[in-house]
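Derivation of every value follows stated rules applied to the coordinates shown; laboratory data play no part. This is a predicted model, so every value here is computed, not measured. With ideal geometry, Cβ positions are generated from the backbone for all residues, glycine too; neighbour counts draw on all protein chains shown.
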Amino acid sequence: MLSEKTIVSKKLVVGWIKPQFFGYTATACKVVLDIELREKSESQESIWLKQTDRQIVLMISGIIKHGREVIEAGQISDTLRKVLSQNKFQKLKISKDLLKKLLDVWDKWHRNDLRPYCIHQKSRKFIEIGEVCQECGYVYGSKWLYEPLPDDVIRFVKAL
Ligand SMILES: [Zn+2]
């Protein structure tokens, strides 16, 4: 029986992007992130192909608005990295270092319950759907596997 519990649910105002970045002449664009940690209790295999009955899952999504108009929404970490590297934030509500760390955590751990790879395939750069792992026989992309969040990631998200 599936049950879910929310551990962390927060809206984080990251800051405002210079209007010129998106081709506007005025009004900075607000960036807000939705950050959630959820505890699921269901039967799911891990990337070690072991059965688990409890999963802690990270979900992050973002929205960029120009006034009321939504410019981008969803998995926008690439855009935020570009803004950061081009120094196009007009105002940040969190430190640059914290934002960088957050973007890394986002890219690495978002939906850690939907991994197409086993532990052996994780570090491979090029891999095709259907490829069989030489070590454990898992077929890449054949299931969604659970990759547990490291404790420091859980602590980081809770402290945001
Ligand atoms: Zn494997």
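In a shell of Cβ-Cβ distance under 14 Å around LEU99, excluding LEU99 itself, what net charge do Lys and Arg (+1) and Asp and Glu (-1) give?
Working: positive: ARG81, LYS82, LYS88, LYS91, LYS93, LYS96, LYS100, LYS101; negative: ASP78, ASP97, ASP104, ASP107.
Net of charged neighbours comes to +4.
Each Cα pair under 8 Å and six or more residues apart adds its separation to the average, and for region 22-69 the resulting relative contact order is 46 percent.
If you take the Cα centroid of region 85-140 and the Cα centroid of region 29-75, the two points sit 13 Å apart.
Before anything else, pin down the relative contact order of region 119-160: Cα pairs under 8 Å, at least 6 apart, normalised by residue count, whole percent. Once normalised by length, the contact order is 25 percent.
Let me check I've understood the local charge: for ALA73, count other residues with C-beta under 14 angstrom from its C-beta, Lys and Arg +1, Asp and Glu -1. What total comes out?
Details: positive: LYS11, LYS30, LYS65, ARG68; negative: ASP34, GLU69, GLU72, ASP78.
Neighbour charge sum, excluding ALA73 itself: 0.
Looking only at GLN75, GLN20, GLN44, which one moves most when the chain is put into a Gaussian network model with springs between Cα atoms under 10 Å? The residue with the greatest mean-square fluctuation here is GLN20. Annotation note: chymotrypsin sites (Phe, Trp or Tyr not before Pro) in region 88-127 located in DSSP loop regions with a Cβ neighbour count of at most 16 within 10 Å are PHE126.
Calculate for the chain the 222 nm mean residue ellipticity that helices alone would give, adding -39,500 (n - 2.57) per DSSP H run of length 4 or more and normalising by residue count, nearest 500 deg cm²/dmol.
Working: 3 runs with 32 residues, N = 160.
Estimated from H runs of four or more residues: -6000 deg cm²/dmol.
In loop segments of region 1-35 as defined by DSSP, there are no chymotrypsin sites (Phe, Trp or Tyr not before Pro) with at most 10 further C-beta atoms inside 10 Å of their C-beta. Count the lysine pairs in region 89-160 whose Cα atoms sit under 26 Å apart, keeping only pairs 8 or more residues apart in sequence or on different chains. Final tally of qualifying lysine pairs is 23.
Taking every full run of DSSP H in the chain, none both stretches at least 15 Å from end to end by Cα along its long axis and averages 1.6 or higher on the Kyte-Doolittle scale. Of ILE35, ILE94, the sequence from fewest to most neighbouring Cβ atoms within 10 angstrom is ILE94, ILE35.
Mind listing which trypsin sites (Lys or Arg not before Pro) in region 1-44 are in a DSSP loop and have 10 or fewer other Cβ atoms within 10 Å? Mind dumping the intermediate values first?
Details: sites: LYS5, LYS10, LYS11, LYS30, ARG38, LYS40; in loops: none.
Filter output for region 1-44: empty list.
State, as an integer percentage, the relative contact order of the chain based on alpha-carbon contacts under 8 Å between residues 6 or more apart. Let's see the in-between values first.
Working: 287 pairs, mean separation 34.7, N = 160.
It comes to 22 percent, rounded to a whole number.
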